[in-house]
Ligand code: CTP
């Protein structure tokens, strides 16, 4: 049985929460309710516990008042706001107040609901409910935009008479519409096993090129885009290998991870994995250069400082892994991955360079991104252009709206599925 985690927040619409729980349970869904402190003013946790059949969660600490605290270590060995994420198929916040929407958009984490929001990886649905002016205020609209860009679905509020006596948009969406949105989200995640039986190899993160035993050259890649790709491909049924350069973020669990440090190590691992792969995605930010010499001992600074001289580091080119994979595939037609995908990180307009890289590296798709000025690296959201090769014709160019990296990863997997001939 699928589980919906329902966050109930403090506004008049919260009085409908027990009916919403009942409607969800009628669809054979288990419901775990989380309340905020303000929600208690509008609906009793006891009613919610009774209709859901589960104790209601509110606090992070067991010494906080209330009957259902997150009681520290749980039988699964974690804490409840983390272990609950593993059981969650959909996270629904209904009704969502302006304040909670702002806290979610900012990533604050000061109670069970907001902490859980940061930890959960299931689809997130948000049903706002508030006064018309609060809803249309640029602050609220900005927060809703942020949440949407990160991949959340906003269940639009209805129009009508509000509790404050105003007429206009702001009413919590009707319960059948909320239930339908939940079912739709569940269907989307459950049915798409369109990469089942396929092998996908993803290279992610930066590479590190040693200068001496303590120093290296690297770049700002966090590895996040590659992680999203690996996670989405695995969720859609693929057997995924992640070839990962050094990064601070932990890779998604449950996948084969091959750790590498330098571009040359990454090339060797990619060439070892590519012959078995149906699709190869180079989402890594490979260092284009490396120091010509990796000094076996630490380079000393004293000489430079005393004499106040300048010094130069001689760099040599690293292998172009994607280019080499494309050339090898072209040279041995029929061998190598059916789908070869690269990324282009450009500080200028990415379209032209993406077309050039697509042709030069002989791949099937380039995902062009604009980087720099706080864009892309380490962030959750992005705005990409997809440049795809077409047999005997000019490449197709499709501009994406701003979106989460997860949603872009889904679009890239759609291309893989289509090119592998699995329908879609
Ligand atoms: N790439 C690679 N090996 C390299 C450099 C890049 O495999 N030595 C791959 C990247 O993983 C990416 C694509 O090539 O998929 C384009 O990378 P990018 O850094 O945008 O372009 P470069 O080829 O390095 O070209 P330039 O530096 O001129 O923009």
Could you please find all residues in segment 211-235 being in contact with a helix residue (DSSP H, G or I) (Cβ under 9 Å, 6 or more places away or on another chain) and more than 13 Å from the ligand (Cβ to nearest atom)? 224, 227, 228, 230, 231, 232, 233, 235
Based on this model, can you work out whether residue 346 counts as within 7 Å of the ligand (Cβ to nearest atom), over 14 Å from residue 395 (Cα atoms) and surrounded by 15 or more Cβ atoms within 10 Å (Cβ to Cβ)? yes
Any pair with Cβ under 6 angstrom, 6 or more apart, that starts in segment 276-291 at a residue that is in the same structural domain as residue 338 (by TED's automatic domain parsing) and ends at one that is within 7 Å of the ligand (Cβ to nearest atom) and outside any loop (DSSP other than H, G, I, E, B): 282/203; 282/322; 282/342; 283/343; 284/203; 286/263; 286/321; 287/263
Taking the stated definitions as given, is residue 169 farther than 30 Å from residue 224 by Cα and at pLDDT 95 or above? no
Considering only residues that are without any contact (Cβ under 8 Å) to a residue 60 or more places away in the chain and surrounded by fewer than 19 Cβ atoms within 10 Å (Cβ to Cβ), which ones fall in segment 19-37? 22, 25, 26, 28, 30
Per-region count, segment 321-337, residues at pLDDT 95 or above and assigned to a loop (DSSP other than H, G, I, E, B): 0
Can you spot a residue in segment 136-143 that is crowded, with 17+ Cβ neighbours inside 10 Å, within 21 Å of the chain's Cα centre (by Cα) and not in a loop (DSSP other than H, G, I, E, B)? yes
Suppose we filter segment 272-292 for residues that are buried (at least 16 other Cβ atoms within 10 Å of the Cβ) and either within 14 Å of the ligand (Cβ to nearest atom) or within 30 Å of residue 86 (Cβ to Cβ) (or both); how many remain? 14
In segment 145-161, is there at least one residue being farther than 27 Å from residue 87 by Cα and crowded, with 21+ Cβ neighbours inside 10 Å? yes
Taking residue 306 as meeting all but one of (1) closer than 22 Å to residue 342 by Cβ; (2) outside the structural domain of residue 361 (by TED's automatic domain parsing), write down the number of the exception. (1)
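Residues are listed down the side, and each one gets a yes or a no for (1) more than 30 Å from residue 300 (Cα to Cα); (2) assigned by TED's automatic domain parsing to the domain that holds residue 22; (3) away from the ligand (no atom under 16 Å from the Cβ):
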| position | (1), (2), (3) |
| --- | --- |
| 145 | yes, yes, yes |
| 148 | yes, yes, yes |
| 154 | yes, yes, yes |
| 173 | yes, yes, yes |
| 177 | yes, yes, yes |
| 209 | no, no, no |
| 242 | yes, no, no |
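One line per residue, one yes/no per condition, for (1) outside any loop (DSSP other than H, G, I, E, B); (2) under 29 Å from residue 27 (Cβ atoms); (3) at pLDDT below 95:
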residue: 75; (1), (2), (3): no, yes, yes
residue: 81; (1), (2), (3): yes, yes, yes
residue: 86; (1), (2), (3): yes, yes, yes
residue: 94; (1), (2), (3): yes, yes, no
residue: 110; (1), (2), (3): no, no, yes
How many of the residues in segment 338-357 are touching a strand residue (DSSP E or B) at 6+ places or on another chain (Cβ under 7 Å) and assigned to a helix (DSSP H, G or I)? 6
Could you count how many residues in segment 82-110 are surrounded by fewer than 24 Cβ atoms within 10 Å (Cβ to Cβ) and more than 30 Å from residue 167 (Cα to Cα)? 12
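Results for (1) buried (at least 22 other Cβ atoms within 10 Å of the Cβ); (2) at pLDDT 95 or above; (3) within 16 Å of the ligand (Cβ to nearest atom), shown as yes or no for each residue.
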| position | (1), (2), (3) |
| --- | --- |
| 312 | no, no, no |
| 319 | no, yes, yes |
| 366 | yes, yes, yes |
| 381 | no, no, no |
| 401 | no, no, no |
| 408 | yes, no, yes |
| 418 | no, no, no |
Can you give me the number of residues within segment 117-135 that are surrounded by fewer than 24 Cβ atoms within 10 Å (Cβ to Cβ), over 16 Å from residue 180 (Cα atoms) and touching a helix residue (DSSP H, G or I) at 6+ places or on another chain (Cβ under 7 Å)? 4
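The values are calculated or read from the model by the stated rules, or taken from the named source; none is laboratory data. All of these numbers come straight from a predicted model, not from anything done at the bench. With ideal geometry, Cβ positions are generated from the backbone for all residues, glycine too; neighbour counts draw on all protein chains shown.
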